[in-house]
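Visitor: Attaching a single structure in structure tokens format; questions to follow.
Derivation of every value follows stated rules applied to the coordinates shown; laboratory data play no part. Since we're looking at a predicted model, the values are computed, not measured. Positions of Cβ are generated from backbone atoms using ideal geometry, with glycine treated the same way; all protein chains shown enter the neighbour counts.
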Amino acid sequence: MKWPCPVCGYQLSDPPKDFEICPSCGTEFGYTDCTFSHDELRRRWLKSGARWSSRRINPPLGWNPVMQLLSAGHGFTISTRNTNEEVIFVDLDGGNQTVVPVPSDPLTLDSHQYGSGSLMPTIMKNVRFRVV
Amino acid sequence: MYYFLVFFKRPKRWTNALYGTTHFTGGFTTQLKLGEHFDKHRWQLPVLTERQYENLADRFLVGSKEPSTLECIRPHDGARIRYNPETNEFGVLGATGFVLTYFPPHPKIHGRPTNLDYYQDNC
């Protein structure tokens, strides 16, 4: 049985309580989330780059924090600039997914496959997360 | 069988040779949990290895209590919680005898006004 991390959506092997540490976002339940809400901790994790936390557990093959959050039902907005200084927005609003493709980029973001192909690594390198 | 025992440590009983008292030292439930907690808290403690970290936790949670150490038992699950305001050590021992965590708390992390407030909230 798995339990979703209430901060980042990672599927935990143990319930998110009693000082369990999420390998994805690093939240220690009962300590890190004592006062700060899970939404606030999620904002902080996104703002710091949504990096994999654990050095003991490797991220799943092809790990994508964006997909992990989306799968857990957490919406947010990301923006970045490509080499042509155009902006890519992936906007989630109440479950509706609006994708604005960059015309000059040969890869487009499919509404069901964010980060498909090699575009995602570019996004992750330059992204500034902004939680709506 | 060996790998089962490696990953599922059981509380070990040890006897103090001088005083003849017996204690249970469970350590962390798995090597992985020990490693995760060690990675997270090692920078705030005078430890270099996982074994040192686990020994500190054992001594704090299972050994004789310092006069300044506060202790409570969590009513809903029987976990033992200890906090020493003088050394700023905080630890939780599960009712099964395994260490759940051990670290020096900081208000910037837990968000309570003081570490004592954080300890009392856990009780």
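Visitor: Can you find a residue in region A:48-59 that is outside any loop (DSSP other than H, G, I, E, B) and free of Cβ contacts under 8 Å to residues at least 60 places away in the same chain?
Guide: no
Visitor: If you don't mind, another one. Tally time: how many residues in region B:96-108 are within 11 Å of another protein chain (Cβ to nearest Cβ) and over 17 Å from B:Glu36 (Cα atoms)?
Guide: 3
Visitor: Can I ask one more? Tell me, yes or no, whether region B:59-80 has at least one residue that is assigned to a strand (DSSP E or B), of a type outside the set (S, T, N, Q), within 14 Å of chain A (Cβ to nearest Cβ) and on the phi < 0 side of the Ramachandran plot.
Guide: Yes, some residue in region B:59-80 is assigned to a strand (DSSP E or B), of a type outside the set (S, T, N, Q), within 14 Å of chain A (Cβ to nearest Cβ) and on the phi < 0 side of the Ramachandran plot.
Visitor: Can you tell me how many residues in region B:99-123 are crowded, with 21+ Cβ neighbours inside 10 Å and in a loop (DSSP other than H, G, I, E, B)?
Guide: Residues meeting the conditions: 1.
Visitor: Any idea which of A:Ser37, A:Ser48 is within 26 Å of B:Val92 (Cα to Cα), polar (S, T, N, Q) and out of contact with any strand residue (DSSP E or B) (no Cβ under 8 Å at 6 or more places or on another chain)?
Guide: Result: A:Ser37 is the single residue among A:Ser37, A:Ser48 that is within 26 Å of B:Val92 (Cα to Cα), polar (S, T, N, Q) and out of contact with any strand residue (DSSP E or B) (no Cβ under 8 Å at 6 or more places or on another chain).
Visitor: How many residues are away from every other protein chain (no Cβ under 11 Å) and in a loop (DSSP other than H, G, I, E, B) when one looks only at region B:81-94?
Guide: 4
Residues checked against (1) touching a Cys at 6+ places or on another chain (Cβ under 8 Å); (2) outside any loop (DSSP other than H, G, I, E, B); (3) more than 10 Å from every other protein chain (Cβ to nearest Cβ):
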{"site": "A:Pro6", "(1), (2), (3)": "no, no, yes"}
{"site": "A:Pro16", "(1), (2), (3)": "yes, no, yes"}
{"site": "A:Ser24", "(1), (2), (3)": "yes, no, yes"}
{"site": "A:Gly30", "(1), (2), (3)": "no, no, no"}
{"site": "A:Asp33", "(1), (2), (3)": "no, no, no"}
{"site": "A:Phe36", "(1), (2), (3)": "no, no, no"}
{"site": "A:Arg42", "(1), (2), (3)": "yes, yes, yes"}
